[in-house]
Amino acid sequence: MSNRLDALRRRLGHGELEAILISQSDNRRYLSGFTGSAGFLLISQNRALLATDFRYVEQARAEAPAFDVVRIQGTPSKWLPPLLADLGVRRLGFEDRDLSFSSYKDLTRALGENGSDTSLMPASGLVEPLRAVKEDAELRNLEEAAALADAALAEVLPGVEAGISEKDLAWRLESCLRQNGSEPLPFEIIVASGPNSALPHARPTDRAIRDGEPVVIDLGARVGGYCSDMTRTICPGDEDDTFARVYDIVLGAQLTAMATLLTGMTGEEVDRLGRTAISQAGYEENFGHGLGHGVGLAAHEEPRLGPNSADVLADGMVFTIEPGIYIPGWGGVRIEDTVALEKSKLRQLTTASKIRR
């Protein structure tokens, strides 16, 4: 944690901030190790405070030894001004993408009433780039989460046949993941069959899976707080020509992107590697989301691989590659893997079979 704090403090100096208030939960956990659901970090160049309420004080002291734990009550407008005065902070950064506007107004008013000359400065995006490059311990958790997802598919898919509902299949997968050691899942499992699979973020329904239809299955596990994310598309029974063609296009797009991306490329450039293959096959309008996203403490984090993304890929990043084609009224195909970028080469963390039959 000390290395992470040092890196953040360097970024504070570049932004001429004297301190930053961390309210976003994943950033809080990343910087402190604290896993509780409520609390704030107040970090200056020489102090690191973790402010939380009565419920979490002992937990915070055990999980965040690098921080001085401060017991608080009420909103930041109640307890933050005295802390800032004690630290002598005049330029305070805050995570404007997380802190509500009403909290900002209350805090501004409270600072004025206390005669404080502290200025509040928007400072989102300071921690997220640090999280994007994984340390060895983070990577081990990600590998374990990927292995759990692989194992769940290997255990459950052989029993999938026509007649099972989307909800039942999703529950079988979730039960397997939890029984084998996953923490609470990073997102609701997607099982979408037939026309439902044309919806990229469909939710499982009571619809029965039928022979000859695409079934999109998107699942992930969580280990030590870290997530995996994988999608496979199957077709129980005899596939039709459309499924065979679309599946091979999507798989080709994924393999092309994985084989040709390089460290230093932007998210937009990597997205183009997969998108070009789909566009050339005539399905440009049927691929409406980005090629991938970072994976870590959150299921979706930096880097973003998509149109207009200036995020630059660096060794140590972990992200997904997930092209898809979605045809209204027929269905969809998506193939997704969690991968790690190491010395400008990708290593797949999720390795479940992608053989069509």
**Prompt:** Using a Förster distance of 35 Å, how high is the FRET efficiency between GLN348 and ASP96, based on the Cβ-Cβ distance and rounded to 0.05?
**Reply:** 0.45
**Asked** Share of Cα-Cα pairs in segment 2-130 beyond 20 Å, in percent?
**Response** 39
**Nearest-20 debye value, segment 168-314 charge dipole, Cβ charges on Lys, Arg, Asp, Glu** = 280
**Complete:** Percent of all Cα-Cα pairs per 20 Å bin for the chain, counting from 0 up to the last occupied bin, reads 28, 48, 22, 1
**Complete:** So, with points 7 Å from each Cα along the Cβ direction, the SER2-HIS14 label distance in nm works out to 2.3
**Asked** Looking at segment 1-92, which GluC sites (Glu not before Pro) are in a loop (DSSP not H, G, I, E or B) and have at most 10 other Cβ atoms within 10 Å?
**Response** GLU16
**Computed E for ASP248/GLN45 - FRET, C-beta separation, R0 45 angstrom, nearest 0.05** = 0.20
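Can you tell me the FRET efficiency between HIS289 and THR260 if r is taken as the Cβ-Cβ distance and R0 is 22 Å, rounded to the nearest 0.05?
Values: r = 20 Å, r/R0 = 0.92.
Computed FRET efficiency for HIS289 and THR260: 0.65.
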**Prompt:** In the Gaussian network model of the chain, springs joining C-alpha atoms below 10 Å, which of ARG232, ARG334, ARG97 carries the largest mean-square fluctuation?
**Reply:** ARG97
**Request:** State to the nearest 20 debye the size of the charge dipole of the chain about its Cα centre, where the only charges are +1 on K and R beta carbons and -1 on D and E beta carbons.
**Result:** 840
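Run lengths n ≥ 4 of DSSP H only: what is the helix-derived mean residue ellipticity at 222 nm for the chain, with -39500 (n - 2.57) per run over all residues, to the nearest 500?
On the way: 10 runs with 127 residues, N = 357.
Estimated from H runs of four or more residues: -11000 deg cm²/dmol.
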**Request:** State to the nearest 20 debye the size of the charge dipole of segment 137-196 about its Cα centre, where the only charges are +1 on K and R beta carbons and -1 on D and E beta carbons.
**Result:** 100
**Request:** Can you find, among PRO200, GLY225, SER102, the residue farthest towards the positive end of the dipole of the chain? Put +1 on the C-beta of Lys and Arg, -1 on that of Asp and Glu.
**Result:** SER102
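Taken together, the values in this text are just the output of simple stated rules run on the coordinates, not laboratory data. All values derive from a computational prediction rather than experimental measurement. Note that each Cβ is placed from the backbone with ideal geometry, even for glycine, and that neighbours are counted across all protein chains shown.
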